[in-house]
Structures are given as C-alpha cells and as structure tokens.
1. Just checking, how many residues over the range 160-179 are modelled with pLDDT under 95 and among the acidic types (D, E)?
2. For the range 124-154, how many residues meet the condition of being under 24 Å from A196 (Cβ atoms) and in contact with a strand residue (DSSP E or B) (Cβ under 8 Å, 6 or more places away or on another chain)?
3. Which residue out of A149, A128, A117 is among the hydrophobic types (A, V, I, L, M, F, W, C) and part of a helix (DSSP H, G or I)?
4. Any residue that is buried (at least 23 other Cβ atoms within 10 Å of the Cβ), in contact with a Gly (Cβ under 9 Å, 6 or more places away or on another chain) and in a loop (DSSP other than H, G, I, E, B) - is there at least one of those in the range 159-179?
5. Show the residue pairs meeting these rules: Cβ distance below 7 Å; 6+ apart or different chains; first residue within the range 85-107 and touching a residue at least 60 places away in the same chain (Cβ under 8 Å); second residue acidic (D, E).
6. Are any residues in the range 88-107 over 15 Å from T33 (Cβ atoms), in a loop (DSSP other than H, G, I, E, B) and either touching a strand residue (DSSP E or B) at 6+ places or on another chain (Cβ under 9 Å) or modelled with pLDDT of 95 or more (or both), and if so, which ones?
7. Do any residues in the range 119-148 that are touching a residue at least 24 places away in the same chain (Cβ under 8 Å) and at positive phi have Cβ atoms under 9 Å from those of residues that are crowded, with 16+ Cβ neighbours inside 10 Å and of a type in the set (F, W, Y), where the two are at least six apart or on different chains, and which pairs are they?
Amino acid sequence: MTIVDCSNDLDAAIGQARHAVADGGLVVLPTDTVYGVGANAFSPRAVDKLLTAKGRGRDKPSPVLVASPEDAAKLTTSIPEAARALMDEFWPGALTIILPARQEIGWDLGETGGTVALRMPDNPIALALLQQAGPMAVSSANLTAQHPAATAQQARDQLGDKVAVYLDGGKCGGGEPSTIVIVGEKLEIVRHGAIADSDIARFGTLAG
C-alpha cells in the first residue's frame with residue numbers, strides 16, 4: 001500500500017497507479033466531488049475486489065469513469081440526442097448518465113440490468129489516470145454507510161491496505177455527489193446531486 005503525493009511528480013504517480021490497475025489492484029483517486037476507489041472496469045475479479053473492499057453488494061454496481069465522451073461511446077450501444085447534449089454541457093463534471101451497456105465487452109460490474117453508469121470527472125489527476133489506464137469502475141472511497149472521503153488520508157483510514165495506491169491530490173473541492181440520470185424517452189433523476197434538477201430539465205422532460 002502506497003500513498004503518492006501527486007504534487008511532487010504527477011507522471012510518476014500516475015505511472016504507479018496505472019501499473020496497480022493493470023495488476024488488478026485498487027487505486028484511490030481524487031475527483032471533482034469526493035475521493036473514489038477504482039479498479040479495471042473490464043476485470044470481474046478487480047471489480048469484485050472493489051465491492052468487497054467497500055462492503056458493498058452486487059446489487060449496487062459501481063459507475064464507470066471515462067476520460068472522454070469518445071471513450072463513453074465505446075461502452076454503450078447508443079447515445080441518445082439528450083444524453084449527448086448533457087455530456088456536451090456537463091462533462092467533465094458531476095453528472096453520471098445511465099445508458100445501455102455493450103454486452104459483448106464481457107464485463108461484470110454487478111447487477112446492472114444491462115446498463116452502465118458513465119461519468120467524466122472534472123479533475124486533472126483522475127483524467128490523467130483514466131487516459132492511461134482506460135475506463136475504471138469507481139465508487140466513493142469509503143466503507144458502505146460511512147462518510148465519503150474528502151482527502152486521501154480519510155480514504156486510507158477507512159480502506160487501509162485493501163488499496164494498492166492512494167493518489168493524494170489534496171482536499172477535494174466537492175461535497176455533493178454527482179447527479180445520476182437515466183436517459184430514455186424521459187430523463188429520470190435517480191440521485192439528486194451537484195447538478196440541479198432544473199438544469200437537467202433543460203435537456204428533456206423529467207420523469208415523474
């Protein structure tokens with residue numbers, strides 16, 4: 001288990017984290033909301049390790065963070081016009097969009113019902129890692145039912161040596177989690193978060 005100060009040598013820090021992800025290990029990384037704990041999204045064993053570390057069941061699958069909308073397009077069967085407009089407006093940022101997943105990828109994120117929750121975080125450290133490691137299954141870096149971590153140390157206090165590398169990027173400036181939206185015929189907000197409902201409603205009719 002290693003804590004790496006990203007302010008000293010970001011390239012070296014990202015390199016350590018990338019190798020840990022490639023080896024099937026867990027990495028804690030800063031995002032624009034809170035610290036997250038992530039794993040290779042395409043390794044069922046690594047994703048299971050992530051869920052186990054958090055004490056989380058398969059009924060609560062992790063979102064997948066991507067480095068760009070183009071990366072997101074490779075993971076879903078389609079991006080409706082409303083979803084594309086939301087990405088253009090709020091990515092990178094605190095918006096998670098649930099879309100149909102490409103089943104031929106052969107991944108196993110948990111009980112997703114054939115969908116994938118995608119987000120592009122607005123944090124240079126997270127984006128640098130995603131650009132090198134590829135899409136990652138990422139959940140908040142805390143034990144289930146505990147407070148999300150705003151610092152790498154808070155994440156370490158909860159997850160300890162279950163994580164191979166902690167990327168310390170200082171205190172996260174967020175606080176509220178991302179807003180989660182299902183894009184279908186209507187826009188269904190399944191978690192209210194950092195982006196206001198009224199802002200989401202500008203891009204389609206809200207369900208309910």
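1. Here the count works out to 1.
2. 5
3. After ruling out the rest, the residue left standing is A128.
4. yes
5. Here the result reads P92/D122; G93/D32; G93/D122; A94/D32, each pair linking the range 85-107 to a residue that is acidic (D, E).
6. R102, W107
7. Listed pairs, sorted by first residue: G134/F42.
Conditions (1) within 18 Å of D168 (Cβ to Cβ); (2) hydrophobic (A, V, I, L, M, F, W, C), marked per residue:
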| position | (1), (2) |
| --- | --- |
| G15 | yes, no |
| V27 | yes, yes |
| T31 | yes, no |
| V34 | yes, yes |
| G38 | yes, no |
| V47 | no, yes |
| L50 | no, yes |
| A53 | no, yes |
| P61 | no, no |
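The values are calculated or read from the model by the stated rules, or taken from the named source; none is laboratory data. Model, not experiment: these values are computed from the prediction. Please note: Cβ atoms are built from the backbone with ideal geometry, for glycine as well, and neighbour counts cover all protein chains shown.
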